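J.: Handing you this structure, nothing more for now.
The values are calculated or read from the model by the stated rules, or taken from the named source; none is laboratory data. Here the structure is a predicted model, which means the values were calculated and not measured. For neighbour counting, all protein chains shown are included, and Cβ atoms are generated from backbone atoms with ideal geometry for every residue, glycine included.
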Amino acid sequence: MSANLYVGNLPWRTTEQELMDLFSQYGEVSSVKIITDRETGRSRGFGFVEMESGAEDALKLDGTELGGRNLKVNHARPKKY
């Protein structure tokens, strides 16, 4: 069963590939999405990582420093429509 993780407080320059590499150390990553501003295309500083395995271990990344910022990592809340 896959788990969707919220990753916040991302440095603006972080790429989806960098997040994939970071989270792949803990298990199988099925997708990575950094949320961007519609008008500017600039990162909004957060994203989501979907993992097939290792999500509980990846939660240990909460508080880890990346690019001078401390990441916020937790289970993503279900999307509200």
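J.: Taking only the stretch 35-50 into account, find how many residues are surrounded by 11 or more Cβ atoms within 10 Å (Cβ to Cβ), over 12 Å from Tyr6 (Cβ atoms) and of a type outside the set (Gly, Ala, Ser).
T.: So the answer is 2.
J.: Ok, one more. Report whether or not Tyr81 is hydroxyl-bearing (Ser, Thr, Tyr) and at pLDDT 95 or above.
T.: No, not satisfied.
J.: Name the single residue that is surrounded by the fewest Cβ atoms within 10 Å (Cβ to Cβ) among those in the stretch 62-81 being farther than 14 Å from Leu19 by Cα and in contact with a strand residue (DSSP E or B) (Cβ under 8 Å, 6 or more places away or on another chain).
T.: Arg77
J.: Could you list all residues from the stretch 62-81 that are free of Cβ contacts under 8 Å to residues at least 24 places away in the same chain and assigned to a loop (DSSP other than H, G, I, E, B)?
T.: Result: Asp62, Gly63, Thr64, Pro78, Lys79, Lys80, Tyr81.
J.: I'm trying to understand the selection: among the residues of the stretch 21-61, which are part of a loop (DSSP other than H, G, I, E, B), in contact with a strand residue (DSSP E or B) (Cβ under 7 Å, 6 or more places away or on another chain) and among the basic types (Lys, Arg)?
T.: Answer for the stretch 21-61, where residues must be part of a loop (DSSP other than H, G, I, E, B), in contact with a strand residue (DSSP E or B) (Cβ under 7 Å, 6 or more places away or on another chain) and among the basic types (Lys, Arg): just Arg42.
J.: Just give me the residues in the stretch 1-20 being in a loop (DSSP other than H, G, I, E, B), of a type outside the set (A, V, I, L, M) and under 19 Å from Pro78 (Cα atoms), in sequence order.
T.: Ser2
J.: Count, please, the residues in the stretch 42-61 that happen to be in contact with a Gly (Cβ under 6 Å, 6 or more places away or on another chain) and either polar (S, T, N, Q) or more than 17 Å from Glu16 (Cα to Cα) (or both).
T.: Number satisfying all stated conditions: 2.
J.: If you don't mind, another one. May I ask you to list the residues in the stretch 17-54 that are touching a Lys or Arg at 6+ places or on another chain (Cβ under 7 Å), in contact (Cβ under 8 Å) with a residue 24 or more places away in the chain and either among the charged types (D, E, K, R) or more than 14 Å from Gly67 (Cβ to Cβ) (or both)?
T.: Hit for the stretch 17-54 is Phe48, nothing else.
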